1. Restricting attention to region 37-78, which residues are within 14 Å of S96 (Cβ to Cβ), without any contact (Cβ under 8 Å) to a residue 24 or more places away in the chain and of a type in the set (D, E, K, R)?
2. Any idea which of (1) at pLDDT 70 or above; (2) more than 21 Å from R43 (Cα to Cα); (3) among the basic types (K, R) is the one K125 doesn't satisfy?
3. Kindly check whether there is at least one residue in region 106-117 that is among the basic types (K, R) and in a strand (DSSP E or B).
4. May I ask you to verify whether R81 is closer than 12 Å to V101 by Cβ and without any contact (Cβ under 8 Å) to a residue 24 or more places away in the chain?
5. Determine which single condition S85 fails, assuming it passes every other condition in (1) exposed (fewer than 10 other Cβ atoms within 10 Å of the Cβ); (2) closer than 24 Å to R23 by Cβ.
6. Quick check on my filter: what residues within region 30-67 are within 12 Å of the chain's Cα centre (by Cα), of a type in the set (S, T, Y), assigned to a strand (DSSP E or B) and over 21 Å from K120 (Cα atoms)?
7. Do any residues in region 7-36 that are among the basic types (K, R) have Cβ atoms under 7 Å from those of residues that are surrounded by 13 or more Cβ atoms within 10 Å (Cβ to Cβ) and in a helix (DSSP H, G or I), where the two are at least six apart or on different chains, and which pairs are they?
Amino acid sequence: MNSRQPRKQRLFRYHAPLHVRQRFVRAHLSKELRKKLGKRSVRIHSGDGVKIIRGSFKGVSGKVTEVDLKKSIVFVDNCKRKKASGKEFLAPLALSKLVVVELSKQSAAKQEQVKSVAVKQAVVKQEPKPVEKK
């Protein structure tokens, strides 16, 4: 995306294909995972453990059951609402309301990849040694 205009930004997000929308489906990591992986946020996958930090389900923890790329929402197994008929359904949650507490086993390979990238970045960020003048 090259434009800074809000209307063009919205239009880009609205018309973005699914392989681009995957980048939009990210959530912050908990402080422990942040230190461990050296990243601030990761892409959410089904099976990830999350904690809800805002809204009517605040404080509830659970596993992600479904990720909707089209709408950029997530469904968590412990967050249910009731219809007027009494039938329960999973409540849709915005990604900004979640914190990832545990990564799924499917993304274990991703964890290792993220770790190796974090180590490489840490090595690059080390300051060079000062050169002695004669």
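1. Once the filter is applied, which keeps residues that are within 14 Å of S96 (Cβ to Cβ), without any contact (Cβ under 8 Å) to a residue 24 or more places away in the chain and of a type in the set (D, E, K, R), region 37-78 yields R40, K58, K71.
2. Against the list (1) at pLDDT 70 or above; (2) more than 21 Å from R43 (Cα to Cα); (3) among the basic types (K, R), K125 comes up short only on (1).
3. No, region 106-117 has no match at all.
4. When the stated conditions are applied, R81 does not pass them.
5. (2)
6. Correct list: empty.
7. R26/L95
The values are calculated or read from the model by the stated rules, or taken from the named source; none is laboratory data. Computed from a prediction, not measured in an experiment: that's the story for all the values here. Cβ atoms come from the backbone with ideal geometry, glycine included; neighbour counts cover every protein chain shown.
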